[in-house]
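Structure record follows, encoded as structure tokens.
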Amino acid sequence: MLQRLSYCLLLLISLPAPAQKTTENLHFTSSKQQLIAVYKGTIFVNGNKTYQLSPDKIVYNSRRNRLIEDGGNVFLFLEVTAAPNKNRLIVFGINNSIADSLLSAVASDVKDYDHDGQLEFGGSEAPKAHPSADSIYYLPSRFYEIKKGRINIDAEYTEKIDKKVNGVYLADPLNSNGNCCKAIPKTKGRPK
């Protein structure tokens, strides 16, 4: 009997576990008691259907999906896929029973990167190889800061990161055709 029980137990352990279905819904509650739900790509605020996204683009299990409140305003951050580029964060302002799309940024954690007491997020796309061995394409970044209930470009931190990554800061990184980005010479200390 014990032998049969052991055999059954081994058989159960060796069977593959059924794949867990990924959940396609998120739920948040603001300090203003706003009920925000994302279900199969649709954003509901207080039960009102207010915004539609492609349900297969949302990364439902991302730790970056969150609600942030600052200066009396409520912001919903959703990570979405953007293949072949890096994932994106779509930021919504939640006001009354409406979700309004405010901006899209390269997906990153939302935290105080520059230690100024404000939350930042953003980044840059993956670098593209330049055909010339002595040059690289300028890799611009864009960081945003949440401050006093508003989201604005953090120009100072963006410039700091661009100088660190590229060795220089270009206010206008587009080439003469208006495409991204200008070629710059490789120098020591700059990424290859």
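The values are calculated or read from the model by the stated rules, or taken from the named source; none is laboratory data. What you see is a predicted model, and the numbers here were worked out from it, not measured in a lab. As a convention, Cβ positions derive from the backbone with ideal geometry for all residues, glycine included, and neighbour counts pool all protein chains shown. Each accessible area value is taken on the protein alone, full model and side chains, heavy atoms only, with ligands, DNA and RNA left out. Shrake-Rupley method; radii C 1.70, N 1.55, O 1.52, S 1.80 Å.
For the stretch 95-124, the set of residues classified as under 25 Å from residue 184 (Cβ atoms) and open to solvent by 50 Å² or more (accessible area, probe 1.4 Å) consists of 113 only. Of all residues in the stretch 155-171, none satisfies being open to solvent by less than 40 Å² (accessible area, probe 1.4 Å) and part of a loop (DSSP other than H, G, I, E, B).
Against the definition (basic (Lys, Arg) and closer than 19 Å to residue 45 by Cβ), how does residue 150 come out, yes or no? No, not satisfied.
Residue check: residue 54 meets all listed conditions (1) open to solvent by less than 90 Å² (accessible area, probe 1.4 Å); (2) at pLDDT 95 or above but one, namely (2). Tell me which residues, restricted to the stretch 127-143, are open to solvent by less than 30 Å² (accessible area, probe 1.4 Å) and closer than 30 Å to residue 71 by Cβ. Scanning the stretch 127-143 gives 141, 143. Evaluating residue 86 against the criteria (1) part of a loop (DSSP other than H, G, I, E, B); (2) in the same structural domain as residue 182 (by the TED database) leaves one unmet condition, (2).
Step by step: first the residues of the stretch 27-46, then only those that are in a loop (DSSP other than H, G, I, E, B) and within 9 Å of residue 97 (Cα to Cα), then the one that is least open to solvent (accessible area, probe 1.4 Å). Which residue is that? Walk me through it before giving the result.
We begin by selecting, within the stretch 27-46, every residue in a loop (DSSP other than H, G, I, E, B); these are 30-34, 40-41, 46.
Of the ones still in play, those that are also within 9 Å of residue 97 (Cα to Cα) are 34, 46.
Values: 34: 13, 46: 69 Å².
That would be 34.
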